[in-house]
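Notes follow once the structure below has been shown.
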C-alpha cells in the first residue's frame, strides 16, 4: 500500500502556493520572518506507553514539535513525517496513524506536506516541522530578579504513566486527567505566542521540570529559587496512595508539554493578563538568582537543592 | 554523552543569522523564493549494507535528501538529523556519525542546524532538509516528443551491493567504482541546478530507473520509448561473470542518485551544454510518447515492455 498517500488522503487539502503531496520535495510559500525548524523522533518502545493507540502516537509525534514551537513563540506552518513501520503493519494501523496526523493538523492548524516510509523493527515517527518567526524566545536571557513562571501544574503525565504502565490506583477523576495528559498531550501555541513578548527565556518541559530549570539556569548563567512547587491537583494524594514521592512526580516526571520561563519583574502582571486572554495561565513559582547553576526549593529552614534529574524514557 | 553536541562540534560554525545549535528549534534566515522541504529516513537493516561505516551511513542519509533537491533544481540550505541509536552505541560510533555529517556539510554546502537523539533497536538517521527555490521541476510536465534523459550510467550501485553483501567477483577497477557508488553516493546539486531550466519533468532515481520511468510516465500521462539502456561500463561483464542480468541491474537496481528527466526537443542541445559546464553529462536514452503508462525498450523486432519493478530494500 502507498502509506504516505493513504495518510495524506485523510489530511486536509493544501491551500494555494503549496505543492501537491507526492512530489519528491514539498514547496511551502515563504512566511514572515526567519525560518524555524525542529525535528523530534517518537520511538515506540520509549515513547508509546501501553494503552496508547497508533492514532494517539501519530498525534503525539506532532505535539512534540508543536510544544517546542509554542515555548519559543514561533508559528508552525508545515510538517513532514518519516515513518518506520514494522514489516507486518496492517492497513488499519496505517489508517490510525493517518487519523492522528489529521487530528494534529486541525488542532494546531499545521499542514502535513510530505513524508517518507520505511521498514523498521518498531514504530518510529520522526516529525520535522517548519514555520516562521521574526525571533524566538531563547534559553539565555534569564536575569537575576526575573520571575520564574510555568504555564500549568505538573505531575499528571508521570502519574498517568504509572497508571498505564504499572496499573497504579487512582481516583476516577484524577485517573482520567492523568491518562489524558499522557495520551493526548496538549501544548498550546496560542498561549506560547501570547507569552513570547514577555519572556526573557523559556523552553518546554518535555524532559521534566527539574531538567528544564537546570538547562535554563546553565544557559543563562543564573540560579533559580523556587518558593513553591507547581503540584497538580490530586498528585499528592495519588503519590501517597502508591508509595511514590509527589515531589519527584512534579520535578522529574517529564512529558509535560508546558512552558517553563522567566519574565522581568515589571512585566509579570501584563504577562499574566496575556496568558488569561489566551485561555491559559501563568503561575509564578519563584525567582531568578545571581547564583549560577544553583536551583533550589526554598524551605522553612533555608534552601534544599533540586536535583538535575531528567526524564528517562519508558523502560 | 550529549550526542547532538558532539556531532555539531565537528560541524561547521554557523554563519550570522542562524541560531546557535542547542536551542529547542533552529532559526534559518529567509532565502529567495519558496521554502523547500524534504525528509528521508535511513534505517540500518535496509539502507546500510555490509562494509558501510557509520561515517558513510551519516553522509548517505544526507545524500538521500540532497539527491531530491538536485533532481528538483532546488537549493538546500540546512538540515536536521533525528538519530535512533542502539542502547550500547559507543563514543567512537557517534564520532563517526559526526564526521559523516561534516563530510556532507562540506560537500554540498549545507548546514546542520539541529537534531534529536533517541534510543532505538537499530541505527536510524532521519534527515530533514530545508532550502529554497522559486519553483521546482515537477513530475507532471513530460510531453510527447520530449527527449528522455539521464545524468549518468546505471548499474554500479546494484553491482556494488552484490559485491558488498554477497561477495560477488569483479575486476579491480570495476569493483572500486561499484563499491564507491554504494558507500559514497554522489548526487550533484550543481548539475541539478544547471539542468532545471531545461527539464520539463524530472525525479531522482533512488528507487531504480524502471521505477522512476513508470512514475514519471504515470504522473505526466505519457509513455516512454527507450532507444538504448544507459548501461554502466563493465556492468555487462560483471553480470555475465556472476550469473546476473545486466538489464536488471540497470533498470531495477535502485540507490542510483542520478536524475531521470525529460527535455523539450528544441532545448536538448542547450541542456547538454549546460550539463557539461556543470562538469556533468546528459545522456539521451529515448523519447516521450503519447501512449500513457507504456514504458518500453525499442528492439529490432519492435518494443519490449520495461517492468515496473522498484528497488526493494536490502534483505
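The values are calculated or read from the model by the stated rules, or taken from the named source; none is laboratory data. Computed from a predicted structure; not experimentally measured. Counting neighbours? That spans all protein chains shown, and the Cβs are built from the backbone with ideal geometry, glycine included.
Applying the criterion of being in a loop (DSSP other than H, G, I, E, B) and touching a residue at least 24 places away in the same chain (Cβ under 8 Å) to the residues of the stretch A:152-174, the residue that is farthest from the other protein chains (Cβ to nearest Cβ) is A:171.
Take residue A:196 and tell me if it is over 20 Å from the mean Cα position of the chain (by Cα) and in contact (Cβ under 8 Å) with a residue 40 or more places away in the chain.
Against the criterion (over 20 Å from the mean Cα position of the chain (by Cα) and in contact (Cβ under 8 Å) with a residue 40 or more places away in the chain), residue A:196 does not qualify.
Yes or no, residue by residue, for (1) under 30 Å from residue A:42 (Cβ atoms); (2) free of Cβ contacts under 8 Å to residues at least 60 places away in the same chain; (3) more than 18 Å from the chain's Cα centre (by Cα); (4) surrounded by fewer than 21 Cβ atoms within 10 Å (Cβ to Cβ):
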residue: B:119; (1), (2), (3), (4): yes, yes, yes, yes
residue: B:135; (1), (2), (3), (4): no, no, yes, yes
residue: B:142; (1), (2), (3), (4): no, no, yes, no
residue: B:150; (1), (2), (3), (4): no, no, no, no
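On inspection, residue B:314 qualifies as at pLDDT below 95, in contact with a helix residue (DSSP H, G or I) (Cβ under 9 Å, 6 or more places away or on another chain), farther than 26 Å from residue B:73 by Cβ and surrounded by fewer than 20 Cβ atoms within 10 Å (Cβ to Cβ). Selection over the stretch B:231-251 of residues that are buried (at least 23 other Cβ atoms within 10 Å of the Cβ) and within 22 Å of the chain's Cα centre (by Cα) gives a count of 5. Within the stretch B:43-64, being within 11 Å of another protein chain (Cβ to nearest Cβ) and more than 16 Å from residue B:106 (Cβ to Cβ) holds for B:43, B:44, B:45, B:46, B:47, B:64. Between A:40, A:24, the distinction of being in contact with a helix residue (DSSP H, G or I) (Cβ under 8 Å, 6 or more places away or on another chain), within 7 Å of chain B (Cβ to nearest Cβ), without any contact (Cβ under 8 Å) to a residue 12 or more places away in the chain and more than 18 Å from residue A:161 (Cβ to Cβ) belongs to A:24 only. Looking across the stretch A:27-37, the residues that are within 8 Å of chain B (Cβ to nearest Cβ), surrounded by fewer than 24 Cβ atoms within 10 Å (Cβ to Cβ) and more than 30 Å from residue B:219 (Cα to Cα) come down to A:33, A:34. Scanning the stretch A:43-59 for residues being surrounded by fewer than 24 Cβ atoms within 10 Å (Cβ to Cβ) and closer than 30 Å to residue B:29 by Cα gives a total of 0. Selection of the stretch B:268-283 for residues being surrounded by fewer than 18 Cβ atoms within 10 Å (Cβ to Cβ) and under 14 Å from residue B:153 (Cβ atoms) yields B:281, B:283. Going through (1) modelled with pLDDT of 95 or more; (2) at negative phi; (3) buried (at least 19 other Cβ atoms within 10 Å of the Cβ) one by one, residue A:256 falls short only on (1).
Residues are listed down the side, and each one gets a yes or a no for (1) outside any loop (DSSP other than H, G, I, E, B); (2) in contact with a helix residue (DSSP H, G or I) (Cβ under 8 Å, 6 or more places away or on another chain):
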{"site": "A:260", "(1), (2)": "yes, yes"}
{"site": "A:272", "(1), (2)": "yes, no"}
{"site": "A:275", "(1), (2)": "yes, yes"}
{"site": "A:288", "(1), (2)": "yes, yes"}
{"site": "A:293", "(1), (2)": "no, yes"}
{"site": "A:298", "(1), (2)": "yes, no"}
{"site": "A:304", "(1), (2)": "yes, no"}
{"site": "A:310", "(1), (2)": "no, yes"}
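Among the residues of the stretch B:197-221, the ones that are within 14 Å of chain A (Cβ to nearest Cβ), surrounded by 21 or more Cβ atoms within 10 Å (Cβ to Cβ) and out of contact with any strand residue (DSSP E or B) (no Cβ under 7 Å at 6 or more places or on another chain) come to 2 in all. Of B:102, B:145, B:138, B:92, all but one fail to be in contact with a helix residue (DSSP H, G or I) (Cβ under 9 Å, 6 or more places away or on another chain), under 30 Å from residue B:292 (Cα atoms) and away from every other protein chain (no Cβ under 14 Å); the exception is B:145.
Quick one: is residue B:194 assigned to a loop (DSSP other than H, G, I, E, B) and either over 21 Å from residue B:233 (Cα atoms) or away from chain A (no Cβ under 14 Å) (or both)? When the stated conditions are applied, residue B:194 does not pass them. When the stretch B:110-129 is filtered for residues that are in contact with a helix residue (DSSP H, G or I) (Cβ under 7 Å, 6 or more places away or on another chain) and assigned to a loop (DSSP other than H, G, I, E, B), the ones remaining, listed by number, are B:110, B:122, B:123. Considering only residues in the stretch B:70-81 that are touching a residue at least 60 places away in the same chain (Cβ under 8 Å) and outside any helix (DSSP H, G or I), the one that is surrounded by the fewest Cβ atoms within 10 Å (Cβ to Cβ) turns out to be B:75. Is it the case that some residue within the stretch B:47-57 is part of a helix (DSSP H, G or I), modelled with pLDDT of 90 or more and touching a strand residue (DSSP E or B) at 6+ places or on another chain (Cβ under 9 Å)? Checked the stretch B:47-57: at least one residue is part of a helix (DSSP H, G or I), modelled with pLDDT of 90 or more and touching a strand residue (DSSP E or B) at 6+ places or on another chain (Cβ under 9 Å). In the set B:84, B:115, only one residue is within 10 Å of chain A (Cβ to nearest Cβ), modelled with pLDDT under 90 and touching a strand residue (DSSP E or B) at 6+ places or on another chain (Cβ under 9 Å); that residue is B:115.
The lone criterion from (1) touching a helix residue (DSSP H, G or I) at 6+ places or on another chain (Cβ under 9 Å); (2) modelled with pLDDT under 95 left unmet by residue A:132 is number (1).
In the stretch B:58-69 there is at least one residue that is more than 24 Å from residue B:212 (Cβ to Cβ), assigned to a helix (DSSP H, G or I) and touching a strand residue (DSSP E or B) at 6+ places or on another chain (Cβ under 7 Å).
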